[in-house]
1. For the stretch 1-59, what class follows from the C-alpha gyration tensor (a ≥ b ≥ c being the square roots of its eigenvalues): rounded when a/c is under 1.5, otherwise prolate if a/b is larger than b/c, else oblate?
2. If I stretch the segment between residue 15 and residue 47 completely, what's the gain in nm (0.36 nm per residue apart, minus their alpha carbon distance), one decimal?
3. Once you have a ≥ b ≥ c as the square roots of the Cα gyration tensor eigenvalues for the stretch 140-322, tell me rounded if a/c is under 1.5, and otherwise prolate or oblate according to whether a/b is larger than b/c.
4. Rounded, prolate or oblate: which one fits the stretch 60-128, using the alpha carbon gyration tensor with axes a ≥ b ≥ c (rounded when a/c is under 1.5, else prolate when a/b beats b/c, else oblate)?
5. Between residue 56 and residue 243, what is the FRET efficiency for a Förster distance of 25 Å, r being their Cβ-Cβ separation, to the nearest 0.05?
6. Describe numerically, in nm with one decimal, the distance between label points set 7 Å from Cα along Cα→Cβ at residue 122 and at residue 278.
7. Normalised by the number of residues in the chain, what is the relative contact order in percent for Cα pairs under 8 Å and 6+ residues apart?
8. Would you compute, for the Cα atoms of the stretch 103-172, the largest minus smallest coordinate along each principal axis and list the three values in descending order, in whole Å?
């Protein structure tokens, strides 16, 4: 088996990575375009040690390995979890994780944070085999193979009247991205999002992030669903996807008082569910947060706002499932410090 690093031979790396995704029908979260988009969310990336494993001309394993530095040096993005490596066999998987340990020891990485895909249907956390501490959390999916009637039945009762009130109000319409309107919709998303960041007193995202998001839209790895009021766009949702599964990515909206009284999110999400169902997608993931309590587990804490968001998602008919993830401390002292922080 041979290791091919992205930093050494980017073109060959891309070729092998994409072949693995295609042959093994891996979900969009492993798309190189999505991963490059995610990399833009951290200003602390030192380097990208991602690699593929080649054997007899075939790609048999892939590993995303971004290295960032803040207070510690870690495998992470903005100190969050990154998608875990994939391999064709357990032997190759073991080989990949041993290579990760070797790289991390060599360059002084102190912590590794890996997560399963939100769409993985695994029965247990295989990261534990490689000395990761289980920090699994919850996520929630809507299974779009259900009938429209069952999907409607699964909605929280109070939401149905809110959605019906919007359906009956002919001032509001749903808009889906296409070749003619996707640039306008993306620009409106950016406008709203920058205003959100400003009001929150946060540093605005770089335009490079928004540009890469637009590229995902143009390459059919993303879609936008929006609500208009008298033909004026008032809320925009971004979704990432391949041909099988969809994941909610983000929302931005008009923050003026004129629209605060309307249940825009309920109306938009219900129509998104129907839209992606009609297109033949199997699952729609609502992402995080998706927990019940302020403390759900190690490295899984929610504030009141996040608990309310989680409740809203479940009210839309989403089913809770475990999102397996894990943290590995290269230095035992760092683990001891983390435990002391928690207790």
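Only the coordinates and a few stated rules stand behind these numbers; no lab work does. Just so it is clear, the model here is predicted, and its values are computed rather than measured. Reconstructed Cβ throughout: ideal geometry from the backbone, glycine too, with neighbour counts over all protein chains shown.
1. Oblate, since a/c reaches 1.5 and b/c is not below a/b.
2. Computed gain between residue 15 and residue 47 is 9.5 nm.
3. rounded
4. oblate
5. Using R0 = 25 Å, I get an efficiency of 0.30.
6. So the two model labels end up 3.6 nm from each other.
7. It rounds to 21 percent for the chain.
8. 63, 29, 19
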